Each structure stands twice: as structure tokens, then as C-alpha cells.
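Below is one structure, written out as C-alpha cells, with a few remarks after it.
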Amino acid sequence: MFSFIDRQILVLLVEPIKADLQINDTQVSLLTGFAFAITYTVMGIPLGRVADVWSRKYVIVSSVTVWSLLTIASAFTRSFTQLFVTRMGVGFGEAGLTAPAYTIVADLFPPGRLAFAMSVFVLGGAVGSALSLMLGGLVIGFADSLGTVNVPFFGSIAPWRLVLIIAGGTSLLVVVPLLLVPEAKRHHPEHVHPDSSHSAAQPDHMPFKGVLRYMQRKKMFYGLFIAATSFNYLITYGSAVWFPSYFIRVLGWEAATIGITVGLVGFVPLAVGGLFSGWLTDRLFAKGHRDISIRIMMIAGPVLLLLNFVIIYAPLIQIKLMAVALVYFFGAMYAVLTPTAIQLATPSPIRSQVSAIILFIMNLVGLGLGPTVIALVTDYIFRDSMAVGHSIAVVGTAAYLISTAIFLWTLKPFSHQVITIVDEQSRETLVEM
């Protein structure tokens, strides 16, 4: 949850940051996307390796500390370059959270209960996204009422800088509770060996080259899955960055108003959508529908495309907000089922590294390119900052349609991969009993 607050809070601060630092939409997109994504994705792989061979808990604790301090540091930057560097630091810190956390959840729950368990975990981050809008809106409103604040030793602090200090400081509060969480027991199925389907003498920790060889052997699943989710992430992250600016520029809303309103509108649908998708996936998975997580994501894509058009082109604000609520509902399904599918289709000893590799590509495309592609369309095709909604619609149409088509091709290899993993894990459980 706190990682999403530190990650997403910047989208509400686009306009004051642009004015303060004298930058354009493309530069803003680099701050909200590429600067974070480059370290988040690149460092995710080595940190995933560390998590597979060392304590996942301490990797996560270190990560929380780093991203919190860098979020605070970003409040004191005075140029585009300085803010770019601190955003890279936030990405570095958050790189050590996602992959290790996914594997802990996967080791705590059997395959038949994994989707719902993952939905509860992922909803923490998704709720953090909604809370970042609500709390960010409240803090922005409070900070705006104070105006510029003079702080000893630091001088004048603008409202948007105060928001970042509060966000980073809040995240630091979770470090101590995390230290009290015990490490989950890892499972070590036999078929994880990179060159053989069964090997009783394999080591507990596969070398990174072995992980890549394993994924290469299973390229029909991993390749298609990565492609489909990458296109989805491109529009998901891109629209998340620019929809607040659409409301502010085109509809004339204040940042505080949009943060509070959209956060409140999306909070409940987000929680319901995430929990429902987890429950439904577990229920149908138990009945033998091994590809259900992919099928749900495949169906959600066209629905989200339609809802984006409603948000942008509906004539009434009430209709727009209803569509926002439904975007949170269906978007939560993607957030829950993407990591669920990865864990179901990947052996336990290499889940952190495989998750990190997949997240590397997905986030490089989504976080790194999503906001920038939309900004480039706005700046260089429409050449009008008020056309940001049209840019979201153009990019969203292409991304969602391509993603849905690739998900359709992913169904068969995913089912085969999951059946292999689940059968092996079931045999392991029987041996332990």
C-alpha cells in the first residue's frame, strides 16, 4: 500500500511541478514513468536473485527504507535533473518489494487458494493507489491552505514538496512491523531443473542462467504472457498518470478535488473487484479450469477500453465517475491475476527471479513507456495540452486490443504449464505428509 502512495502521489502534483520546474508534459512523463521504471526494472532482477538465496524479509525491509528516504529527498530538489535522480532512487527501493512479496504469498497458500490470497495482498497496493489519491488530495488541500511554508535550515517549502515529505515519512512507519514478520517456508519441487523435467539432486537455488534457460524452454507461455501483460501495463500506467491531468485541464477540477473524489469513488469497487476475482478464480480453478486467470484478464481488456472512452467522452460528470468506479473494479482483476498467473505457472525456488524478470519487462514497457507515449501523442501529434484525453483514447485502443489478442493465444500454453506445476506440488505435499 505505502509503495503505491510514494509511487503514485506524483500524478496529482503534475501541474505545480510543471510550473515550479518549468518543464513540459514529456519531461513530466519521464519523471512519473521512465525515471522510476529504469531502476525499478533493472534492479528488480538482481534483487529477485538476492531474495531467492537470502532472507526475503530483510530484502523488503531494506527496500521500504530506501524508497521512503528518497521520496523525502525528492521534496528538496530544485531542477528536473535532481528530481529525475531521486525518482530513480525511489524505483531502486521499490524494486526489492514486489517479487519477494509475491513468492512469500505463494509459499503460504496452496494453488487452489492462491488467487484469493494474492488478491488480499495485491489489494494492499491497489488500495494504496486509491488512498494516494484521497490522502494526496487532502494533503494538497491542506498544504495549499498553508501556502509556502518556511522550514528552518531548508527555507521555503512549496505545497507539493510538503506532500512528498509526508508521503515518504509515512512509509517509514512500516519498517518496524515488517521486522516482526516471520520468514515463510519455501517449497522446492523437483521439476525446476533447467535442463530436465525431473532431478532429485538439484540445488536449492538455481543460477540465474539456469532460470533463463528454464524460461526459454517454456517460451510459448512466458513469451506470450509477457507480451500481453506489457501492452496492458502500458495503458494502465499511462492512463493512471494522465487521467488526473485530464480532469484538471479539461474539466477544470482542482488537484485536491480530483484526488479525494476519484479516490473515494474507486476505493470500494477496487476492493470488491480484487477480492471477487480472487474468489472466482479459486472457485473455478478447483473445478478444473486451469486457465481461468488468463480468461478473466482477456475479457477485462475490451471492457476497460470501453470504460476509458466513457470517461473521456461522456457528456455528464456522473457518467464519467460511474465509469471510473468500474475501471477500478476491472482494473483490480488485472492487478490480482497477473501475479497469480506467474506464481501458478512457476516453480517455487525460482519464483522471485522469474517474477523479477517478467516485472522487468512489463514495468519497463508500462512505467517506462506508457506515460511517455501518451505525452508524446499530446505534445507532438495533437500539439495541444487540452487533448490529453484524446491521447489516452488513441493509445488505449491499440494497447488493449493487442493485449486481448495475445491473451487468447496464451490460454493453451498457460494451462499446460499450470497443470505441470500443480501436479508436482501435489506430489511434494503427499511426500511431506
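The figures follow:
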read-out: Selection from segment 345-382 of residues that are among the hydrophobic types (A, V, I, L, M, F, W, C), crowded, with 22+ Cβ neighbours inside 10 Å and within 16 Å of GLY223 (Cα to Cα); value: ALA345, VAL354, ALA356, ILE357, ILE358, LEU359, MET362, VAL365
read-out: Single match in ARG87, ARG113 (criterion: over 22 Å from VAL211 (Cβ atoms), out of contact with any Leu (no Cβ under 8 Å at 6 or more places or on another chain) and either in a helix (DSSP H, G or I) or not aromatic (Phe, Trp, Tyr) (or both)); value: ARG113
read-out: Total residues in segment 261-286, condition farther than 30 Å from SER415 by Cβ, surrounded by fewer than 23 Cβ atoms within 10 Å (Cβ to Cβ) and at pLDDT 85 or above; value: 4
read-out: Test for VAL90: is it under 30 Å from ASP107 (Cα atoms), modelled with pLDDT under 90 and of a type outside the set (S, T, N, Q); value: no
read-out: Of all residues in segment 13-52 being charged (D, E, K, R) and in contact with a Ser or Thr (Cβ under 8 Å, 6 or more places away or on another chain), the one that is surrounded by the most Cβ atoms within 10 Å (Cβ to Cβ); value: ASP52
read-out: Any hit, segment 229-239, residues being assigned to a helix (DSSP H, G or I) and more than 20 Å from the chain's Cα centre (by Cα); value: no
read-out: Of residues in segment 278-301 being in contact with a Ser or Thr (Cβ under 6 Å, 6 or more places away or on another chain), assigned to a helix (DSSP H, G or I) and not aliphatic (A, V, I, L, M), the one nearest to ILE406 (Cα to Cα); value: GLY301
read-out: Close pairs from segment 95-123: first closer than 17 Å to VAL418 by Cα, partner modelled with pLDDT under 70 and aliphatic (A, V, I, L, M), Cβ under 8 Å, at least 6 apart; value: ASP107/ALA184
read-out: Positions within segment 284-335 being farther than 16 Å from PHE243 by Cα and of a type in the set (Lys, Arg), in sequence order; value: LYS287, ARG290, ARG295
read-out: Checking LEU251 against (1) surrounded by fewer than 19 Cβ atoms within 10 Å (Cβ to Cβ); (2) touching a residue at least 12 places away in the same chain (Cβ under 8 Å); (3) in a helix (DSSP H, G or I), the condition it does not meet; value: (3)
read-out: Segment 381-419: number of residues that are farther than 16 Å from VAL250 by Cβ and in contact with a Lys or Arg (Cβ under 9 Å, 6 or more places away or on another chain); value: 9
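The values are calculated or read from the model by the stated rules, or taken from the named source; none is laboratory data. What you are looking at is a predicted structure, and each value in this text was computed from that prediction instead of being measured. A quick note on method: Cβ atoms are made from the backbone with ideal geometry, for glycine too, and the neighbour counts reach across all protein chains shown.
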